[in-house]
Amino acid sequence: MLAVPGTRAMLKLLLLVALIAVAIWLYRRSNGRRSVNPPQPPIDPENMVICGHCGVRFPASESSQDADIHYCCDEHRRAGPR
Ligand SMILES: [Zn+2]
């Protein structure tokens, strides 16, 4: 008796919920794609150089350079390449 209109109302409600769910899913998917950055290789914030004497890696800005060879400190610059 009331089953047919009730079922129809329920179907409409389910359809509406499904449409909303799909809309939210599409919205999130498109949003997610925009916010996802392509994987980037790890880049040193500073140019890293290797000490010619002890071989330690350090930022070029802290380098004590002699000719084309970088040294981590004045001591190693005086000591020269190994
Ligand atoms: Zn050194």
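The values are calculated or read from the model by the stated rules, or taken from the named source; none is laboratory data. Keep in mind that what you see is a predicted model, and the values were worked out from it rather than measured. Positions of Cβ are generated from backbone atoms using ideal geometry, with glycine treated the same way; all protein chains shown enter the neighbour counts.
Yes or no, residue by residue, for (1) at pLDDT 85 or above; (2) out of contact with any strand residue (DSSP E or B) (no Cβ under 9 Å at 6 or more places or on another chain):
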| residue | (1), (2) |
| --- | --- |
| 2 | no, yes |
| 14 | yes, yes |
| 17 | yes, yes |
| 20 | yes, yes |
| 33 | no, yes |
| 49 | yes, no |
| 57 | yes, no |
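Select from the range 61-82 the residues that are more than 8 Å from the ligand (Cβ to nearest atom) and part of a strand (DSSP E or B) and write down the one among them that is surrounded by the fewest Cβ atoms within 10 Å (Cβ to Cβ).
65
Would you tally the residues in the range 4-21 being β-branched (Val, Ile, Thr) and either within 28 Å of the chain's Cα centre (by Cα) or exposed (fewer than 10 other Cβ atoms within 10 Å of the Cβ) (or both)?
1
Working only within the range 47-60, note down all residues that are surrounded by 12 or more Cβ atoms within 10 Å (Cβ to Cβ) and more than 7 Å from the ligand (Cβ to nearest atom).
Across the range 47-60, the qualifying residues are 48, 49, 50, 52, 58, 59, 60.
Cβ-Cβ under 6 Å, sequence separation 6+ or interchain: first residue in the range 35-48 and closer than 30 Å to residue 72 by Cβ, partner modelled with pLDDT of 70 or more and surrounded by 10 or more Cβ atoms within 10 Å (Cβ to Cβ). Which pairs?
46/59; 47/60; 48/57
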